[in-house]
Each structure stands twice: as structure tokens, then as C-alpha cells.
Amino acid sequence: MASLLNNPDVLALIAALAAVGVLGLVWQALMINDPMPARLKALSRRRDEIRADMAASKTRRGKINQQAMMKQVVDALKLANSSKAQNMRTLLMQAGYRSRDALTSFLFAKMALGLGLAAGLFFLVTLHLLPIKENFSVLSSLCGGFLGWILPDILVKNTAQKRAEAMRKALPDALDLMVICAEAGLSVDATFERVAREMAGASAIMAEELGLTVVELNLLPERSRALYNLTERVNLQGIKNLVNTLIQTEKYGTPLAQALRVLSAEMREERMMKAEEKAAALPAKLTVPMILFILPTLFMVLLGPAIIRVMDTMAKGG
């Protein structure tokens, strides 16, 4: 130890460390730790959060008042009491509109769009802004009102059909994943949750429906009700077959993996048959375009030179 202390290099290192420590202590002592800027920054952040919450609450209150107004109008006109309105609720669910006020907003939009188009066409024809005689102003307004009334129905039906088509295309892949999960020993809830997570990138619609089914399986007292809700949200025969298979599996205790494997094979065979049907119907669909566009051009190419020669010969002979 004494030899180390007598070593000038060790003494220099100790002195350097001591000097650094002393400088650090002096610097800390001289620094003024004023907490006020940090407190002001925190207060400013909290003020911004409160303002954002207030703005969001005002927006929510505005939406609530708007929904209440639309509900009063729809209830006053008794638009939601018909059986067609209840069918439209199911169609809205199939199109992806699952909020509690979806039917009210839809019926109000139909009424507002119909009245708006009717009034707009009536004033445009009356003011001679459209090339329509003024005698047909009432007829044009009726046509506009009818168009505005049926246009939301067409849009919702198209949206529901597109979602069903996307589900139909993604269903065989989802069934294959379900077979893998079932063979790994996962339950129906865990299988749906895993498949929904794996299908999020390939088919967001399939992932959404399966994820919602997982939530209902965990919350509803009857598991069959959650599975039947899936068939109501997706108007697709393959989904109905899947739900029936799952219910029968839980009821009779049949192997889940085997049942899903058979169902997956049937789905792929069905998809192949539909592709073959489309391919077989293609020649019949191409007949009219061929007659209208291809055959006239072909006749012109084949018969054109002969007709020109005949015309030249007749001209020279004359």
C-alpha cells in the first residue's frame, strides 16, 4: 500500500479524481435549482388537456343534441315503426354501421335527402336554370324526391355486398388458420382471437367481425347467441355453415379440428366451382361485345380491299 502511495502516477490519478469531485460539488452548489419553469410547463400542459377535454365534451354534447333532434323527427313521422325499417337495421349492421343511432341517422338522411333534392329541382326548374319546361316542375321535384329517398338504400346495399364479398374471399384462409389453432389445442375463444389478430393485415373486415365475436363470447351469457350474431352481421352462407359447425361441435363434443378441416375443404371446393362457373359463362358474355366491336372491324379488314377493287373495276369499266 505504501509503495502504491509513493508511486507518482497513482497520486496523480487520485488527485485528478478528487479535483473532478470537487468541481462537481462546486458546480452543484452554484447551480440554482428553480422548480418554477418545470411547474409552469406542467401547468401549461394540464391547461391544454383540460381545454381539449372541454372541447371534446362540447362536441359530444353537440352530437347528442343532434341525435336527439333527428330521433324526435323520425319518431314524429313514425319512420322506424315499419318492418322495412327493422330489415334496414339488419342491413346497416351488415354494411358495418353498428352504432345505436345508425337507423335513426339513416332514416333522417333519407328524408332530408329526398326533400332537399325535391325542393332543389323544383326551384331550379322554376327559375329556368335547367333545360326543363316549367310545366314539369312538380314532376321533376317528385322524381328528385324519389331518387333522394332510394339512393341511401342503394349505397347501403352496395356496401353490405362488398363486405360480404370480402368476407367470402377471406373465409377459406381464416378456416385454415382455425384448423391450425384447433389442432394446437386452443379453445374457440382463443382460436377466434388468434385468427382475428393474424387476419388483420390480409382482411381487416374478417378481423373486425371475429374480434367482435370474441368480445360477445366473453360477455353474453349464451355462447350460441354470440355465434348467431355473427350470422346476422354477415349475410354469407359460409359463415352460417361455420357457426352451425361450431354449435354442433360444442353440443355433441365432436373434434373441432376435424370439423373445421372438412368445412375448409368444402369452402375451397365451393370457391373453385364458382370460379369454374364464371369461366364457363365468359364465352356467352363475350358474344355481344364480339358482335358489336370485333366482327365489324374484322369484316372491314377482310372485305375492305375486295370492295375497293370492285369499285375501281366498275369505275374503269364505266
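The values are calculated or read from the model by the stated rules, or taken from the named source; none is laboratory data. Keep in mind that this is a model prediction, so the values were computed, not measured. Ideal geometry is used to build each Cβ from the backbone, glycine not excepted, and the neighbour counts take in all protein chains shown.
Just wondering, is there one or more residues in the range 107-129 that are outside any helix (DSSP H, G or I), within 30 Å of N241 (Cα to Cα) and not assigned by TED's automatic domain parsing to the domain that holds L230?
The answer is no, given that none of the residues of the range 107-129 is outside any helix (DSSP H, G or I), within 30 Å of N241 (Cα to Cα) and not assigned by TED's automatic domain parsing to the domain that holds L230.
Among (1) without any contact (Cβ under 8 Å) to a residue 24 or more places away in the chain; (2) part of a helix (DSSP H, G or I); (3) of a type in the set (S, T, Y), which single condition is S264 missing?
The one condition S264 does not meet is (1).
Among the residues in the range 280-300, are any out of contact with any helix residue (DSSP H, G or I) (no Cβ under 8 Å at 6 or more places or on another chain), surrounded by 10 or more Cβ atoms within 10 Å (Cβ to Cβ) and within 27 Å of Q94 (Cα to Cα)?
no
For the subset of the range 103-132 comprising residues that are of a type outside the set (A, V, I, L, M, F, W, C) and touching a helix residue (DSSP H, G or I) at 6+ places or on another chain (Cβ under 8 Å), which member is nearest to Q72 (Cα to Cα)?
Per the stated criteria, the residue is T104.
Report, by residue number, each residue of the range 68-97 that is modelled with pLDDT of 80 or more, surrounded by 15 or more Cβ atoms within 10 Å (Cβ to Cβ) and more than 18 Å from the chain's Cα centre (by Cα).
If the condition is that a residue be modelled with pLDDT of 80 or more, surrounded by 15 or more Cβ atoms within 10 Å (Cβ to Cβ) and more than 18 Å from the chain's Cα centre (by Cα), then M88 is the only one that fits.
Within the range 98-116, can you find the residues that are surrounded by 15 or more Cβ atoms within 10 Å (Cβ to Cβ) and without any contact (Cβ under 8 Å) to a residue 40 or more places away in the chain?
D101, A102, L103, T104, S105, L107, F108, M111, L113, G114, L115
Restricting attention to the range 197-205, does a residue exist that is modelled with pLDDT of 85 or more, farther than 23 Å from G96 by Cβ and not basic (K, R)?
Within the range 197-205 (the criterion being modelled with pLDDT of 85 or more, farther than 23 Å from G96 by Cβ and not basic (K, R)), the answer is no, since none of the residues qualifies.
Residue by residue through the range 166-213, note down the ones that are crowded, with 18+ Cβ neighbours inside 10 Å, part of a helix (DSSP H, G or I) and of a type in the set (G, A, S).
A170, A174, A182, A196, A207
Going through N229, N235 one at a time, which residue ends up being crowded, with 16+ Cβ neighbours inside 10 Å and not in a helix (DSSP H, G or I)?
Exactly one of N229, N235 is crowded, with 16+ Cβ neighbours inside 10 Å and not in a helix (DSSP H, G or I), namely N235.
With respect to A284, is the statement that it is part of a helix (DSSP H, G or I), assigned by TED's automatic domain parsing to the domain that holds S224 and among the small types (G, A, S) true?
no
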